[in-house]
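To keep things clear, I will list the structure first and then write my remarks on it.
The values are calculated or read from the model by the stated rules, or taken from the named source; none is laboratory data. In this text the structure is predicted, and so the values were computed from the model without any measurement. With ideal geometry, Cβ positions are generated from the backbone for all residues, glycine too; neighbour counts draw on all protein chains shown. In case anyone asks, the SASA skips ligands and DNA or RNA and just uses the protein heavy atoms, side chains included. Shrake-Rupley method; radii C 1.70, N 1.55, O 1.52, S 1.80 Å.
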Amino acid sequence: QVQVVESGGGLVQVGGSLRLSCAASGRTFSTYAMGWFRQAPGKERESVAAINWSGGIRYYSNSVKGRFTISRDNAKNTVYLQMNSLKPEDTALYYCAAANDYTLGKMTNEGQYDYWGQGTQVTVSS
């Protein structure tokens with residue numbers, strides 16, 4: 001059983017920055033694709049960013065491209081989401097997820113992910 005735990009959420013003003021962290025257990029962490037998703041009240045959960053096992057392939061949603069950066073440190077079993085130039089519409093509960101058996105071109109699909117964290121709240125003031 002892989003455990004996934006997010007941290008780093010909080011309240012920030014528009015234009016500010018936050019860095020989310022996601023710690024995952026398991027000896028095979030380095031073989032997992034990792035993704036960040038978010039869900040705002042009344043909206044469907046959406047993909048934010050994803051990264052393959054080596055970190056060489058990354059995907060971003062159009063809404064965050066150029067502002068957010070996903071990275072990973074396999075030695076620490078941790079994935080990060082650096083969020084800059086935050087907007088009110090970035091307000092959401094952010095989830096980290098791990099995918100064991102994944103398709104490279106579908107890392108933004110929720111169905112690819114096997115393990116999910118509890119979420120960390122990000123609130124951007126208007």
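For this structure, a couple of remarks:
- Flag: Gln82 does not match the condition of being closer than 14 Å to Gly9 by Cα and not in a strand (DSSP E or B).
- Residue in segment 44-51 that is of a type in the set (Val, Ile, Thr), in a loop (DSSP other than H, G, I, E, B) and open to solvent by less than 40 Å² (accessible area, probe 1.4 Å) present: no
- Residue satisfying all of: in segment 83-92; touching a Gly at 6+ places or on another chain (Cβ under 9 Å) and open to solvent by 50 Å² or more (accessible area, probe 1.4 Å); farthest from Arg58 (Cα to Cα) among these: Lys87
- For segment 1-21, residues that are over 18 Å from Leu86 (Cβ atoms), open to solvent by less than 50 Å² (accessible area, probe 1.4 Å) and either over 12 Å from the mean Cα position of the chain (by Cα) or not aliphatic (A, V, I, L, M) (or both) total 1.
- Test: residue in segment 104-116 that is open to solvent by less than 20 Å² (accessible area, probe 1.4 Å), under 18 Å from Val5 (Cα atoms) and in a strand (DSSP E or B): no
- Number of residues in segment 57-88 that are touching a Ser or Thr at 6+ places or on another chain (Cβ under 8 Å) and of a type in the set (Ser, Thr, Tyr) equals 5.
- Selection from segment 64-79 of residues that are open to solvent by less than 60 Å² (accessible area, probe 1.4 Å) and assigned to a loop (DSSP other than H, G, I, E, B): Val64, Arg67, Asn77
- Segment 1-43, residues that are part of a loop (DSSP other than H, G, I, E, B) and under 24 Å from Asn77 (Cα atoms): Gln1, Val2, Gln3, Gly8, Gly9, Ser17, Ser25, Gly26, Arg27, Thr28, Tyr32
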